[in-house]
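Here the structure is laid out as structure tokens; the discussion comes afterwards.
Every number here is computed from the coordinates shown, using simple stated rules; none is lab data. Treat the numbers as computed from the prediction; the structure is a model and nothing was measured. Reconstructed Cβ throughout: ideal geometry from the backbone, glycine too, with neighbour counts over all protein chains shown.
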Amino acid sequence: MFGNKRVAVVVPAHNEEKLIPRVLETLPGWVDCVVVVDDYSSDKTAEKVRQRAQEDPRVCLVSHPANRGVGAAMASGYRAAMEKNCDVAVVMAGDAQMDPAELPDIVRPVAEGKVDYAKGNRLFYGKAWDLIPRTRYLGNSVLSLLTKIASGYWHIADSQCGYTAISREALASMDLDALYPRYGVPNDILVKLNIDNRRVRDVPIRPVYNVGEVSEIRVPRVVVTISRLLARSFFNRLVEKYVIRDFHPMIFFYVLGLIAFPAGFLSGTYLWLYRVFAGPVAATSAMFAAFLTLSGLQFLLFAMLFDMEYNKNLKG
């Protein structure tokens, strides 16, 4: 129990036989239950978890019959946590990259009812640039910026951090079957929480690397894949939140901006290339392209400003 709240720790794991024992052994005593989801590991991950369960009755194992991805593993763990009547569900990876000493900081805002969802932020740590691999840092920064736009949580950074805590009420309102099944799940969850007007807070945590983890993430491919997910999620959020649930004129600014800015930018680029390689262009054409570009940019910036203002009360 944390205060008067039952806490479950969900541990998605895939081929983590070396590090999963450390994760389970270092969890504090106030954690009520631990759900390890073995996502069809080919090593002895499940065996290690069963051995730990014999020593610690809090530990239970959920096994997938096929590899479904970290998002699907989290969904399975969340369901098990709700079945065990836990009030707060925490996600900790099975690769020992999440320090259990910081677990109280992640749980506290949710357990005290101040927010519905708390997530770690490694980018706020003073030595993050030195501790996080450069490609990870830069890729994470790009995705964090895109996630701000897509999710409407403009105060949130380090969108890819999976060290999170969520309230039972927020989980109950979420369609777990619709969660993105793979590495984009933290971004997908943020979008879904924003549509449901849930309060979210970033919690500064220390980046943990080089503890023996073996990453299956390929940063360039993941950035492209999650960027596509964020583009779809952005439009889904606009329609669901600002058209269906509660109409807001901001939608017109986004629509006009997304039409005018690309049209102006592409036509301006074409005219510039024509001027360089073919000859003069009409001044009116150049002015019209500039007008579309600047007007579209203005519309987009105003839309983002409206979005920030509308969601400012969701900052925990």
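Miscellaneous remarks
- Tensor-based shape of the stretch 99-158 (alpha-carbon gyration tensor, a/c under 1.5 rounded, otherwise prolate or oblate): oblate
- For a straight C-alpha distance cut-off of 20 angstrom, the lysines reachable from Lys84 (same-chain residues fewer than eight places away being disregarded) are Lys5.
- Bridgeable aspartates and glutamates around Lys315 (alpha carbons under 17 Å apart, same-chain partners fewer than 8 residues away excluded): Asp105, Glu112, Asp116, Asp158, Asp196, Asp202, Asp307.
- Working from Cα pairs under 8 Å separated by at least six residues, relative contact order for the stretch 119-248 is 38 percent.
- Segment Asp99-Glu47, length gained on full extension (0.36 nm per residue, minus Cα span): 16.4 nm
- Spin-label proximity, Glu25 to the stretch 86-110 - amide N less than 17 Å from point 7 Å beyond Cα toward beta carbon: 94-101
- Relative contact order %, the stretch 248-314, counting alpha carbon pairs below 8 Å whose residues are six or more apart: 50 percent
- Cα shape, the stretch 7-242, gyration tensor, a/c 1.5 rule: rounded
- Amide proton proximity set for Val37, modelled H, under 5 Å, gap of 5+: Val11, Ala13, Val62
- Overall form of the stretch 62-118 per C-alpha gyration tensor (a/c, 1.5; a/b vs b/c): oblate
- Modelled FRET efficiency - R0 41 Å, Tyr270 with Tyr40, Cβ distances, 0.05 increments: 0.25
- Each Cα pair of the stretch 248-314 feeds into the Kirkwood radius, which the Stokes-Einstein equation turns, at 25 °C and 0.890 mPa s, into a diffusion coefficient of 189 µm²/s.
- Residue-span extension gain [Ala290 to Val142] - 0.36 nm each, minus C-alpha spacing: 50.6 nm
- Relative packing of peptides 46-55, 110-119 - highest average C-beta neighbours within 10 Å first: 110-119, 46-55
- Listed pairs Lys127/Lys192; Lys44/Lys192; Lys18/Lys119; Lys18/Lys148; Lys114/Lys148 exceeding 28 Å between Cα atoms: Lys127/Lys192; Lys44/Lys192; Lys18/Lys148
- Remark: relative contact order (the chain) = 17 percent; criterion is Cα-Cα distance under 8 angstrom and separation of 6 or more residues.
- Rounded Å value of the spacing that divides the Cα centres of the stretch 33-52 and the stretch 135-171: 27 Å
- When you count the other C-beta atoms within 10 angstrom of each residue and take the mean per peptide, 277-287, 28-38 line up highest first as 28-38, 277-287.
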